[in-house]
1. With all protein chains present, how much of the accessible area of the range 38-168 (probe radius 1.4 Å) comes from carbon and sulfur, to the nearest whole percent?
2. When ranked by the protection proxy of mean other Cβ atoms within 10 Å per residue, highest first, what sequence do the peptides 56-63, 38-45 form?
3. I'd like the distance separating the alpha-carbon centroids of the range 149-175 and the range 55-92, in whole Å.
4. Which links in Lys67/Lys190; Lys91/Lys137; Lys67/Lys122 stretch past 30 Å when you go from one Cα to the other?
Amino acid sequence: MKVDQEFSQQPPDICRTVQVKLSTMLAADNFDSNGNELYTPPLNFSMVDNGIFRSGFPDTPNFSFLKTLGLRSIVYLCPEPYPEHNVEFLKANRIRLFQFGIEGTKEPFVNIPEDAIREALKVVLDVRNHPVLIHCKRGKHRTGCLVGCLRKIQRWCLTSIFDEYQRFAAAKARLSDQRFMELFDTSSFKDIPPCPCLCSKRLLHAWQVTAKQKELHIHSSVDFAQTESSCTLVVKR
């Protein structure tokens with residue numbers, strides 16, 4: 001209470017000065033020392049395949065980065081309503097939202113709805129929806145299961161599928177998720193061409209090539225041994 005009283009006695013110009021300095025600092029965080037604009041990808045962002053991306057839940061600081069991807073669609077795997085500011089971003093950029101409400105339960109009470117996964121895969125595999133971003137809350141379990149089933153359709157071996165899943169889930173990897181991917185029946189997706197198993201570094205290289213084609217310069221700080229990976233895209237003016 002004493003602190004509040006002392007602060008209230010300060011001249012109002014001090015408050016305005018603090019606000020201006022704070023705004024300047026926040027604006028400066030969006031640019032590097034050369035004046036290039038910096039973008040912040042969502043948590044656990046990565047390229048899955050040509051035109052397919054994955055991540056955790058994107059928020060306002062990530063919107064500028066998402067615009068550089070030229071997204072047509074977002075596959076949202078949580079049951080909660082999409083936040084209003086996210087909906088406004090989608091409307092402004094003509095991005096279509098596909099929601100598949102999969103509950104984020106924990107083991108041993110995990111119930112992965114196969115029908116929802118199959119419907120989501122149909123959206124992801126339809127090139128008319130590309131570029132598409134797949135995300136749940138953290139980009140680990142629900143997103144990992146969907147991507148793992150996609151890899152099965154692409155005829156990846158289980159070792160590579162589990163390795164990719166564990167790279168994002170890390171210590172929170174679930175045996176139930178891996179069992180679901182192992183038993184997932186891909187016979188209804190027979191017309192999908194196979195895709196060779198690619199390690200994450202090669203996927204990152206493909207993402208860098210795509211970014212270069214869009215005249216983006218990438219400063220990457222991605223460590224695929226870590227769960228909380230991050231990248232910085234720098235747009236040269």
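1. Carbon and sulfur together cover 50 percent of it.
2. Those peptides, ordered most packed to least, come out 38-45, 56-63.
3. The range 149-175 and the range 55-92 have Cα centres separated by 25 Å.
4. Checking Cα-Cα distances, Lys67/Lys190 exceed 30 Å.
The values are calculated or read from the model by the stated rules, or taken from the named source; none is laboratory data. Here the structure is a predicted model, which is why all the values come from computation and not from measurement. Glycine gets a Cβ as well: all are built from the backbone with ideal geometry, and neighbour counts include every protein chain shown. Accessible surface is based on the protein model in full, side chains and every heavy atom, while ligands, DNA and RNA are left aside. Shrake-Rupley method; radii C 1.70, N 1.55, O 1.52, S 1.80 Å.
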